[in-house]
Amino acid sequence: MLIKRTMWLILQGQRAEVDPLINARSAVDSSSAISNIKCLLNLVTERVMQSHECKRLICQILQALLSEKATDCSVLLCVLDTVKVWIEDDYKYSSSSASSSALTQKEIVFYMQKLSLVEWKKFPAASQEEWHGKYLQLLYELCADSKKYPLLLCQEVFQKVERQFMLGLRAKDPVVRQRFFMLYHESLPKSLFSRLHFIIQNQDWEAASDVFWLKQALDLLLAILVEKEPIMLAPNSARVPPVMASGSFPEMYNVQHTSDSSDCTDGGSLTFDSLVSRHAHFLSEMCRLQVADLVTPLRELSYADANVAYHMWVLIFPIVWVTLQKDEQVALAKPMITLLSKDYHKKQQGSRPNVVQALLEGLHLSHPQPRMPSELIKYIGKTYNAWHISLALLESHVMLFMNEAKCSESLAELYRLLNEEDMRCGLWKRRSITSETRLGLSLVQHGYWQRAQNLFHQAMIKATQGTYNNIVPKAEMCLWEEQWLSCASQLSQWDALADFGKSIENYEILLDCLWKVPDWTYLKESVISKAQVEETPKYRLVQAFFSLHDMNASGASEAENIVAKGVDLALEQWWQLPEFSVQSRTPLLQQFQQLVEVQESARILLDIANGNKQPSGSSGGNMSNIYGELKDILETWRLRTPNEWDNMSVWYELLQWRNEMYNVVIEAFKDYSQTNPQLHHLGYRDKAWNVNKLAHVARKQGLYDVCVKILDKMYGLSTMEVQEAFVKIREQAKAYLETRGELINGLNLINNTNLEYFPVKHKAEIFRIKGDFLLKMNDSENANLAYSNAISLFKHLPKGWISWGNYCDMVYKETRDELWLEYAVSCFFQGIKYGVSNSSSHLARVLYLLSFDTPNESVGKVLDKYLDQLPHWVWLSWIPQLLLSLQRNEAPHCKLVLMKVAQVFPQALYYWLRTYLMERRDVANKSDYGRLQLAQQRMQQVAMANNAGSQSLVDGNQRGTSHLSVASEIQTHQGSLVASVGSHDGVNSQGQESERSGTMEGNANSVQDQTPQNPISAEGAHIPLRRNGGLGWVASVASAFDAAKDIMETLRNKHQNLASELEVLLSEIGSRFVPLPEERLLAVVNALLHRCYKYPTATTGEVPQSLKKELSGVCRACFSADAVNKHVEFVREYKLEFERDLDPERAATFPATLSELTERLKHWKNILQLNVEDRFPAILKLEEESKVLHDYHVVDVEMPGQYFTDQEVAPDHTVKLDRVGADIPIVRRHGSSCRRLTLIGSDGSQRHFIVQTSLTPNAKSDERMVQIFRVLNRMFDKHKESRRRHLTIHTPIIIPVWSQVRMVEDDLMYSTFLEVYEINCARHNREADIPITLFKEHLNQAISGHVTPEAVLELRLQAYNEITKNVVNDNIFSQYMYKTLPSGNHFWTFKKQFAVQLALSCFISYMLQIGGRSPNKILFAKNTGKIFQTDFHPAYDANGMIEFNEPVPFRLTRNMQTFFSQFGVEGLIVSAICAAAQSIISPKQSHHIWHHLAMFFRDELLSWSWRRPLGTPPATVAAGGVNQLDFEQKVATNVENVVSRIKSIAPQCFPEEDDNTTDLPQSVQRGATDLVEAALEPRNLCMMDPTWHPWF
C-alpha cells in the first residue's frame, strides 16, 4: 500500500509540475513540488520494480515526465539516475537469480531513446554538463561493455540509440567523442568504399541534420589513413633551396657574426654556427613527424570549426572518389543523389556553410563527375544557397551532355533567378534552334525593345502556323512568350499586357499590370479574390497598393501590416542569395524602395486624415505646419529616384504609384486654392515633375514613343506650373527630334507654343531646340537665326552656345571661311565659360582646331581673347598635349594657358613640366649656333617650300646625319637590349613596334647605372636630330625649352616651398630606386632569350648576324670601363664566363646554332635569377635606401593623381602626402625588377607605385593611352547599356620622374597571365618554354626548305594541335583562380568583373589595332579582376598609319574560353564589347570621340615623326614637324579608320522597313561575334608567334 500511495503522490506532483495552468501555484510551491518528486523517485527506486502493477504505473509516469517539454531539468536528471540505477542493478544481480522485475532489453532501448530525445539545450550550463556526463557514460557502457551487458543488448543499443541519434559522436568532450567514434570505427571495414558507402547510404543523418555532420563523416575517412608513415611533401610541392652552398657561407657572402644574447637560452652569444646548428636540430625534429601528428589536430580542428570541415571535405572527397573503382563509383552515384534529395537538409537551409554545399562542391570537383539530375542541382542551388556551385556543376553538365535539354533549361533558370541576363542570353543563343531567338535576344541585350518584341511576335505566329515543322522545342517557344512580355513591360504597354493576362487568366501578369493601367475595379473583383499565387514581396506590394487605394485610415493600417510581411519575405530572399552578388540583389533593393514608399504613402494618408480633423477656423500658416510630414515625404521622393540606367519598368513601377498618391494629394487640397495656394498646388507641381521625370528617362533610354505617350496621357490635368510645362515641351520636342518622320510634328509643337509665360532662359532653350529641328531639316539659314535668337534672349545658355558652335563648325568645314572658324571656337569657349557639362570634349575639338590653325591664327587669337574668362581646371586633363604643342606653331598660345595653370594648379603641371625640360635640356644647350642662325633658317625654309625643293632637303638630311652615323649605329645595336620585356615590368620595352622593327633604341646604358639626366628617351629629343639634322627642328626644341623654362620659373616664383619639396622627392626617387647590375643583366638576358624565340630561323641554323651584333653590344655595355670602375664585384663574378659563353667575338666558345645559344641564355637566366632572388632581400628599408625620404617632412605636396577626374578640383581640399612607406618591396616579373613605393596620404589612404627605369620614347604612348581610357570611361558612364554592365577601364596613375624614370600605380594583387602558366609548369616540374621549343622544331622544315604557304599553315596547325593536346591544358587558368579565390561566390564575382575587363581589353585592341599581347604583358588583379596591359599602344608603318598584321584581332585564347565557358564568352564578353561600342558611337558621343582620337593621334604621330628610323624618306619639314596638310590628313585617316572599326561591331537597330527581306535575320552582335570566333580559331592562333603563347 505504501508503494501504491507513493506512486499516486508522484503522479499528482508530476501533474502539478507539468500543468501549472490547472494547478496554479507560487514559485515556492512549484519548487517544493519538484523537490517532492525527486524525493519520491529516490524513495521508490529500490522497490518499485518488484511489483508489476507499480512497474507499469511508474513507466507511465516516467514516460510522461520525459515527453513533457516543461519538465524541470533537475527532475529529468533524477529520472536519468533512476533509469541508470535500474539498468545497472538489473544486470548486477541478474547472474545470481532471475528477477521478474528486471527491465527487458526492449524497455532499456525504449528508455535510452526517450532520454536521447530530451531537449537538453534548454538546460543551464552546469546541468547540461551533468546530463551529458551521466547519460553518455551510461550509453557508452551499454554499447561497449559486453562483459557487463549482453552482446545483443550492446548491439541493439548501438544501432537503435547511438546510430539513430549520434549523441556520442556529437559530444563536445573530445575524450568521450573519441570513445564513441572508436565504436563506429571498429564496426566498419577499413576500405574507402565501405566508409563512403556507410556515410552516403547506410547511415541516417537526420538526427544530426541541424549541424554540419560532415565533420563526423570526415573523421571516418581520415581514421583509416596510415598514421605511422612519415610526412612527405608531394612531388609538385615548392621546396626551399639548401641553406649551405659549396664553400663557407660566411666567406662567400661576408656575413657579419653578430651577437644577440636575448636569442640564446644559455646566455651566451649567438653565432652563425650556433644558429645553423639550432635550425638543423629543428629540421631533424620535423623530419620525424608522422601522418598522425598532422591529421589528428586537423580532425579536432574540423570539429571545432565547420568552415575547416567544409574545406577539408571539398579537398578530400575528390581524392577519395578518384581512387575508387568504376563499379564502386557507379554504386555510390544513386545513393548520393538520394542523400542530396533528403528533406531533412532544410534544417540547415540558413546555415553557412551547410552540408549540401559541401557535398555538391565535392561532387563538382570529382573526376569522373557523376551525372546528377539537373532539376535536383537547380533545386539545391536555389534552396541551400549553393548558387555558384550549382552553376559550375550545370555548366560542366551542359558541356558534357550536349543533347540534354533539361540541363541547359535548369542552368538558364538559375541565371534568371540571379538576374544574370547576359549569361542567360549567351546560353540560349548557343542552344537555340531558330535565328529569330538569337537576333531577338541580342536586341534585348542592347535595349532595342520594340524591334525585339515584334520579332518574338512574328516567331510565335510562325510557330502557330506550322512554319517550323514542330522542330522548335517548347522551352524556346516559352522563351519567346516570356521575352515578348518583358519587352511589353519595358515599353509600358500595360493595356496590352492586361488584355493578354485576361485572355489566359494569368493572375501574376494581371497583378503586375492592372494597377498601372489603372483598373482597380477589375483588380478587386476578378483578381485579388481569385488569385492563388506564390507569396512574394511583389505580391505583398500589390496587396498594399490595393489597401491604400481606398484612402482611409483602416486601409493605411492594413497596408502597414502587409508591408511588414513583405519586408520579411524580402529579407528571407536576401539571405538566400549568394554573397558578393550585386546583380542578383538589385531587384530586391528596388522592391525594398517600393515597400518603404508604401509605408510613406500610408503616412501621407494618415497625415491628410489628421489634418482634415483640425478645426475649420485654422489659419493658413497652421495648415502648412500640420502637413509638414507630407511635404517632407514628397520632397524626399524627388531626391530618391532609381538610377538612370535602370530599366524603364523599374522607373514606371515606382513613379506610377507616386502618381496615384499625387492624385490623392490633389484631391485632398482641391478646395484650398484661395485659403492656402501653396498646399493647393503641391500635388499639381509634384505630379507634373513626376510625369516629366519619367518621360525624360524614357527619352534618355531611346524609348521616344514611350516618352511621348507618357507626356500625353499620364498627367491628365489641365493646369501645370510654368517650369514643368517648359520641361514637358522640351522632352516632347527632343523625343520628336530623334524619331523618324516626326520632325514636322516637333517643329509644329515648338511653333505653336505660347512663349509669353516662360522666362527668358526657357525661351532661349526652346529657340535652341528649334534650331536643332531646322538644322536636321537642312534649313541652315533659319537654324542659324534660331540659335542667334536663343543667345540674344539669354547669353548664359551653355547648350545654346555649343549648338551654335556646332553649326558654325559645320559651315566652316563646308566653306573653309576662317570667320566661321572664329565664330565656332568663340561659341565653344562661351559654352565652357558658362558651365557646359562635358567641357573636356569641347576642348578636344578646340585644341584640334588649334593644332591645325590657319596661317592667320584664327583659333589662337580667339583662345587668347577668352583665356582669362575660362575656369583654369578645364585645362588640367590636357597638360601633356599643351606641353607637346610648345614645339609647334601654336606654342605662344599654349604657353599662356600653361602659365595660368602653373599659378593655380602647380602640382597638376610640375611632374610633366619638369620631365619635359629634362628631356630637351641637352638639345637646347647644343643649339646655340642654331639660335644665331634662326632667322636665316626660316628664310631658307620659306624659299624651299616655295620652290618645292625636296632634293635639297634630302641632301641636307644626308649631310646632317653623316657625322652622327657611328654614334647612331652604336646606339641602334647596343641600345634597346630589353625592348621585348614590358616596360611596366620595370625595364626598357615597348611592345610590338620595337619587336617588329628589330631596333631597340634608347638604352645604351640599360645595363649600367641609369643616368637620370640622360635625355636619350626624350620624345622628339634626339632621333629627329640624328635623322635630318634640321636646324629648324633644333630651334623649335630650343624655343620649346625656353617656353617651358619660363613656365617653370613662373611656377617656382609663385610656389617656392612646393617646388623645392617636389624637387627633393623626385630627385630621391629617380636616383635611389634603380635596379642593381645583376637585375639589369637578368632583364637583358631575358630579353635576348625572347628575341631568340622570335627569330624566324631554324633552331639548327646559325645565329643571325643581327643577333650577334646585339650580343656584342650587350657584352660591351655590361662590362664597359665605366661598369668595371663602379661595380667591381659584379664584373669580376660575371665578365669572364659571360663573355666566354655569349660574346660573338670569341668564335671558339660562341654557340654554333640558334638552339645552342638559346640553351646558354636559359642557363644564364637561371643563374642570374637564382642569384638575384637569393642574395638580395625581397623587401628593402626606406631608412637604408634613402635617408632623405625617411626624414622627409611634407608641407605642401599632394598625393599624385588627383587632377585626372575632369571635374573642378579645389586645391585646398586635396589629400596631402603624409610620408613614404617604410617598406619597399622589390617587384620581380619575368626577369625585371622594380621597387614599389607606398605613398601614404594625410587621410590614411595608401597608393602603391613601382619605379620604372630605362624607358624608351614609346613610354609616352602609355600615358596617352591611359588618357584616352579616361575619356572612354566617361562615355561608358553616360550610356545605359555600358553603365548597367559596369564597364570601366582600369586607369592607373602614371607620374613621370625623370626622362627615363617614372612611377606607375601598382596593385599588390597583380599577376600576369604568364605567371599563371609558369606556376602550373612548376607544379608539374615542367619547363615553361617547352611548347615554344616544340613549335620551332616543328617549323624547322618550313624555314629551311621550300614549302608552300599552305603546307606551312598545316605544319603550324599540326604543331599547335599537338601542344594543346599533350602539353598545355585548357583549364590552367580556371584551376589557378579556383585555388586562389576562397569560395564559389568569390569565383563568380571575379569571373564577372574579369569578363568585363577582358572584353574592354579586346575592344581597345581591335579599335586601335594593338597587337603583341603576349601573356607576360597582361597584368590582372587576383581579387578584383582589373586588367592593366603593358606596351599597350598602336604601332605605325612608314606612312604614319596604324600597322597591324596579326591574324587574330585580340587575345582571347583557349584558357580564357574554358574559364568563361562558351556561353559565358557569348553572353558576357560579346555583349560587353558591343555595349562599349554602342556607348561610343551613340549620337551624343560620336563627334566627341572623333576629336579625342584626333588629339591622341596628333601626339602619337608627332612622336612617330620625331623618331622615325634611319633610311625612311624625310617628310617636308615645317618648324619641328611634317607638312601640316599631310600631317592633318594622316591624323584624320587614322581617326576615320578607328571610328569605322567601332561602328562595325556596334549593335545598330535599323527600322523594320529596311529589313523586309527574305534573308534570315542576323544578330546585331554579329560584328563582335565574328571577331571572337576569329580570335578562337586554331588556324589563326597557330599563325601567331610562339612567344605569344597561342596555346595558353
Can you give the convex hull volume per residue for the Cα atoms of the stretch 316-441, as a whole number of Å³? 101
Computed lengthening from Asn663 to Ser503, 0.36 nm per intervening residue step minus Cα-Cα distance: 54.6 nm
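Using Cα-Cα distances under 8 Å and only pairs 6 or more residues apart, what relative contact order does the stretch 131-192 have, in percent? Can you show the working numbers first?
On the way: 33 pairs, mean separation 16.4, N = 62.
Once divided by the residue count of the stretch 131-192, the mean separation gives 26 percent.
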Local net charge near Asn1340, Cβ-Cβ under 14 Å (Lys/Arg +1, Asp/Glu -1): 0
Can you give the FRET efficiency to the nearest 0.05 for Arg1323 and Lys462, using r as the Cβ-Cβ distance and R₀ = 51 Å? 0.40
Which order do you get for Arg371, Arg1498 if you rank them by accessible area with a 1.4 Å probe, largest at the top? Arg371, Arg1498
If every Lys and Arg gets +1 and every Asp and Glu gets -1 at its Cβ, then about the Cα centre the stretch 114-171 yields a dipole, in debye to the nearest 20, of 120
Consider all pairwise Cα distances in the stretch 298-346 and report the whole-number % of them above 16 Å. 58
What nm value, rounded to one decimal, do you get for the distance between Glu1536 and Glu186 when each label is placed 7 Å out toward the C-beta? 9.2
Compute the whole-percent fraction of alpha carbon pairs in the stretch 1271-1401 spaced more than 19 Å apart. 69
Based on a Kirkwood Rh over C-alpha pairs, give the Stokes-Einstein translational diffusion coefficient of the stretch 123-181 at 4 °C and viscosity 1.567 mPa s in µm²/s. 111
Where Rh denotes the Kirkwood radius from the mean inverse Cα pair distance, what is Rg over Rh for the stretch 1203-1356? 1.11
Based on alpha-carbon centroids, what's the gap between the stretch 300-358 and the stretch 1103-1138 in Å, whole number please? 61
Mean projected area, convex hull of alpha-carbon positions in the stretch 1168-1261, reported to one decimal in nm², is 8.3
Dipole magnitude of the stretch 112-209, debye to nearest 20 (Cβ charges: Lys/Arg +1, Asp/Glu -1, about Cα centre): 100
FRET efficiency estimate (nearest 0.05) - Cβ-Cβ, Lys670 to Tyr522, R0 30 angstrom: 0.65
Hey, what does the equivalent ellipsoid look like for the stretch 588-709, semi-axes from the Cα gyration tensor as sqrt of 5 times each eigenvalue, largest first, whole Å? 30, 16, 10
Can you pull out the chymotrypsin sites (Phe, Trp or Tyr not before Pro) in the stretch 394-499 that DSSP calls coil and that have at most 16 other Cβ atoms within 10 Å? Phe401, Tyr468
Please give the Cα centre distance for the stretch 401-470 versus the stretch 848-896, rounded to the nearest Å. 53
Rounded to the angstrom and largest first, Cα extents along the principal axes for the stretch 722-849 equal 39, 29, 22
Work out, step by step, the length gained on full extension between Lys326 and Leu819: first 0.36 nm times the residue separation, then minus their alpha carbon distance; give nm to one decimal. 168.9 nm
Provide the gained length on full extension for the span Ser792 to Lys1126, in nm with one decimal, where the gain is 0.36 nm per separating residue minus the Cα-Cα distance. 112.9 nm
Any chance you could tell me what percent of the C-alpha pair distances in the stretch 1050-1189 go past 25 Å? 43
Quick P(r) readout (the stretch 1044-1099; Cα-Cα; 10 Å bins; whole %) gives 19, 23, 18, 17, 16, 6, 1
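Which value, in debye to the nearest 20, gives the size of the charge dipole of the stretch 1156-1234 about its Cα centre, when Lys and Arg are +1 and Asp and Glu are -1 at the Cβ?
Computed about the Cα centre, the dipole is about 600 debye.
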For an R0 of 25 angstrom, estimate the FRET efficiency from the Cβ-Cβ distance between Phe282 and Leu315 and round to the nearest 0.05. 0.35
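The values are calculated or read from the model by the stated rules, or taken from the named source; none is laboratory data. What you are looking at is a predicted structure, and each value in this text was computed from that prediction instead of being measured. Reconstructed Cβ throughout: ideal geometry from the backbone, glycine too, with neighbour counts over all protein chains shown. Heavy atoms of the whole protein, side chains included, go into the accessibility calculation; ligands, DNA and RNA do not. Shrake-Rupley method; radii C 1.70, N 1.55, O 1.52, S 1.80 Å.
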